[in-house]
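Here is the structure we will look at.
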Amino acid sequence: MGNRLSKISTKTGDRGETGLGDGSRVSKSCLRIATLGDIDELNSWVGVLRASLTGQDELQPLLSQVQHDLFDLGGEMAMPGYTLLNEVMLSELEQHLVHWNESLPPLKDFILPGGSVAAAHCHMARAVARRAERTYVALLQQEAVHETGLKYLNRLSDLLFVLARVLARRDGGTEVLWQSRHKQ
């Protein structure tokens, strides 16, 4: 593949529109672009999470694949009618979710974001994944987009929650449990 982005500043978006992969132009405020932006932000937070882990961390290959999958999902948003995610990718996420969750104790309390820098970054990614899910649902209500993307975001947010728990417990750390000031 040759150079695809030879010019970064094109000024074509100066009037509040952006181009999609099919050549059409849409408002930067449209729901498709908002969904793409949420997916891009999620991918960025997964990158921050990866940067907070050592290069040899056992989670690196999984998180790297997630970033590539999210880029593909963003591609689906940028190219209406294209399908890049598939059920195999969804199944792989589910397998990782089961694997990482099986070593954790059952939840008895709500967990607050934190516990370690990596766990906090994972919680940020989880929160953005949930927002991307909500935006994706709104887009599904307006346009024909593939539901695999929604399922992927849902499973990913669950996986990120589990990974945040794993990361908070590493090296003798603990999860931050919610303690209400209001007694029931």
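Using the Cα gyration tensor of the range 29-92, with a ≥ b ≥ c the square roots of its eigenvalues, what is the shape: rounded (a/c below 1.5), prolate (a/b larger than b/c) or oblate (neither)? Oblate, since a/c reaches 1.5 and b/c is not below a/b. Centre-to-centre separation between the Cα atoms of the range 92-122 and those of the range 143-184: 6 Å.
Largest GNM mean-square fluctuation among Leu62, Leu93, Leu84, using the chain with Cα springs under 10 Å: Leu62.
How would the range 83-127 be classified by its alpha-carbon gyration tensor: rounded, prolate or oblate, with rounded meaning a/c under 1.5 and the a/b versus b/c comparison settling the rest? Oblate, because a/c is 1.5 or more while a/b does not exceed b/c.
Short to long, the 5 Å bins of the Cα pair-distance histogram for the chain hold 1, 8, 15, 18, 17, 14, 11, 8, 5, 3, 1, 0, 0 percent of all pairs. For the range 1-148, the residue among Gln60, Ala138, Leu20 whose Cα projects farthest onto the positive side of the dipole built from Cβ charges is Leu20. Protection proxy ranking, highest mean first, for peptides 116-129, 31-44: 116-129, 31-44, where packing is the per-residue count of other beta-carbon atoms within 10 Å, averaged. Judged by the ratio a/c of the largest to the smallest principal axis of the C-alpha gyration tensor, the range 114-156 counts as prolate, that ratio being 1.5 or greater while a/b is larger than b/c. Under the convention that each Lys and Arg Cβ holds +1 and each Asp and Glu Cβ holds -1, the size of the dipole of the chain around its Cα centre is about 700 debye.
Each value in this text was obtained by applying a stated rule to the coordinates, not by laboratory testing. None of the values given here were measured: they were computed from a predicted structure. Backbone-built Cβ (ideal geometry, glycine too); neighbour counts: all protein chains shown.
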